[in-house]
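The values are calculated or read from the model by the stated rules, or taken from the named source; none is laboratory data. Bear in mind the structure is a predicted one, so any value in this text is a computation, not a measurement. Here the Cβ positions follow ideal geometry from the backbone for every residue, glycine too, while neighbour counts run over all protein chains shown.
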Amino acid sequence: MRLQPAAGHQSTRRSLIAALVLIALASLGCQRHAEKSASVAAQDSASQAAGTACRSGDAAQAARDFYSRVMADASSGLPSSESMVKLAPLMTSSMRAAVEKARVRQQAFIVAHPDEKPDFIEGSLFTSLFEGPSALESASAVANGDGAVVEVGFVHSETGSEAFRWKDQALLRCEQGRWRLDDVRYGGDWDFASKGQLKQALESE
């Protein structure tokens with residue numbers, strides 16, 4: 001004859017099972033919370049590391065690197081597509097967008113006015129002097145948060161002529177943990193020098 005378990009025993013067994021289920025759910029919840037907390041902490045750590053990279057990085061050196069690429073390329077006017085492959089990583093997304101906007105406008109002008117010279121077709125785009133620099137002599141930075149102003153000293157020299165010197169300001173911004181060129185403030189005070197700021201000129205209609 002098969003004995004039926006006592007009612008009290010069944011109740012105790014159900015209570016034990018319910019308690020085990022609650023413990024398992026609580027454990028799963030704690031694990032998910034821990035994983036989420038670890039993920040948030042990792043993101044915060046990455047953000048702090050990116051900021052630290054810019055704060056401790058040398059904005060002046062970033063400006064030197066940019067202008068070294070510009071002088072090595074020796075391009076005139078808007079950078080070509082090939083030049084932009086090299087320069088783009090040293091520019092902010094905003095600066096790249098301004099260059100591309102000017103390029104689209106330039107191409108539309110060429111199509112509409114094939115016999116006229118469009119803007120930004122020649123000359124040094126990133127410095128005050130049309131002929132551009134022969135060398136970079138100095139760079140000193142003042143950083144403030146995620147921005148930095150770098151005063152850059154240039155020299156232009158030709159055989160048989162006296163060297164010509166001037167200073168422009170490279171405006172850098174911390175983007176993705178790296179100092180990048182965001183704009184140029186021209187410093188030339190002679191006739192026909194580029195004036196104002198580069199991005200404003202590129203974006204003007």
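In table form, for the structure just shown:
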item: Some residue of the range 22-29 being under 24 Å from residue 149 (Cα atoms) and either surrounded by 14 or more Cβ atoms within 10 Å (Cβ to Cβ) or at pLDDT 55 or above (or both); result: no
item: Search result, residues across the range 135-162 that are modelled with pLDDT of 95 or more, over 23 Å from residue 57 (Cβ atoms) and either touching a helix residue (DSSP H, G or I) at 6+ places or on another chain (Cβ under 9 Å) or among the hydroxyl-bearing types (Ser, Thr, Tyr) (or both); result: 135
item: Residue list for the range 52-73, filter: out of contact with any Gly (no Cβ under 8 Å at 6 or more places or on another chain), of a type in the set (A, V, I, L, M) and surrounded by fewer than 15 Cβ atoms within 10 Å (Cβ to Cβ); result: 72
item: From the options 169, 176, residue that is of a type in the set (S, T, N, Q) and at pLDDT 95 or above; result: 169
item: Residues satisfying the stated conditions in the range 94-120, i.e. within 23 Å of residue 188 (Cβ to Cβ) and surrounded by 13 or more Cβ atoms within 10 Å (Cβ to Cβ); result: 95, 98, 99, 102, 106, 118, 119, 120
item: Per-region count, the range 73-98, residues within 22 Å of residue 153 (Cβ to Cβ) and modelled with pLDDT of 95 or more; result: 4
